[in-house]
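One structure is given below, encoded as structure tokens.
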Amino acid sequence: MSLAELERFLAAEFPQAFHPESGLTIEAVWHGGGRVRQAYQPQFVRPGGTISGPTMMALADFTMYVGLLASIGPVPLAVTTNLNINFLRKPEPRDLVAECRLLKLGKRLAVGEVGLFSDGTVEPVAHVTSTYSIPRK
């Protein structure tokens, strides 16, 4: 799917996550991956001044879904079956950028990894591995 096709699909099929107020921007997609930006929002910060884990997990999961759909087309019922996150360092209070790379794309399962970065940094703040189940056609 192209970036424009994917945005239209997500706005129609997944509006609870992908809407103008969400702060999510799909920056790029390609076969086997994609890059998504989560705009910084003060409500993402937890005590201690770090961006919350649930915010980072949601961004990673959404980015994996974007990378998968970019590769297999509009399959709304593809679902997460596993997500593992390693928090590596404290994220800065700024936008988060997530980049997905599919490691294996099969008929029924896709396995990928997502790197999360504070905008403008080269060291990841988290590393995620995830598996998606792809429904039968």
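The values are calculated or read from the model by the stated rules, or taken from the named source; none is laboratory data. Everything quoted here is computed from the prediction, not taken from an experiment. As a convention, Cβ positions derive from the backbone with ideal geometry for all residues, glycine included, and neighbour counts pool all protein chains shown. We work out accessible area using only protein heavy atoms, side chains counted, and drop any ligands, DNA or RNA first. Shrake-Rupley method; radii C 1.70, N 1.55, O 1.52, S 1.80 Å.
What to note about this one:
- Against the list (1) surrounded by 14 or more Cβ atoms within 10 Å (Cβ to Cβ); (2) modelled with pLDDT of 90 or more, the condition Met1 fails is (2).
- Every residue from the stretch 95-125 that is under 23 Å from Ala39 (Cβ atoms) and without any contact (Cβ under 8 Å) to a residue 12 or more places away in the chain: Val122
- Filter result for the condition that a residue is under 8 Å from the mean Cα position of the chain (by Cα) and part of a strand (DSSP E or B), over Val66, Val36: Val36
- Within the stretch 87-109, the set of residues being assigned to a strand (DSSP E or B) and closer than 22 Å to Val29 by Cβ comprises Leu96, Val97, Ala98, Glu99, Cys100, Arg101, Leu102, Leu103, Lys104, Leu105, Leu109.
- Exactly one residue out of Val36, Val29, Val128 is closer than 19 Å to Glu5 by Cβ, touching a residue at least 60 places away in the same chain (Cβ under 8 Å) and surrounded by 17 or more Cβ atoms within 10 Å (Cβ to Cβ): that is Val36.
- Pick from the stretch 50-67, criterion under 16 Å from Ser133 (Cβ atoms) and touching a Ser or Thr at 6+ places or on another chain (Cβ under 9 Å), ranking: least open to solvent (accessible area, probe 1.4 Å): Met64
- Hey, Val75 surrounded by 12 or more Cβ atoms within 10 Å (Cβ to Cβ), among the aliphatic types (A, V, I, L, M) and either modelled with pLDDT under 95 or in a loop (DSSP other than H, G, I, E, B) (or both) or not: yes
- Residue in the stretch 80-87 that is within 24 Å of Glu5 (Cβ to Cβ) and over 14 Å from the mean Cα position of the chain (by Cα) present: no
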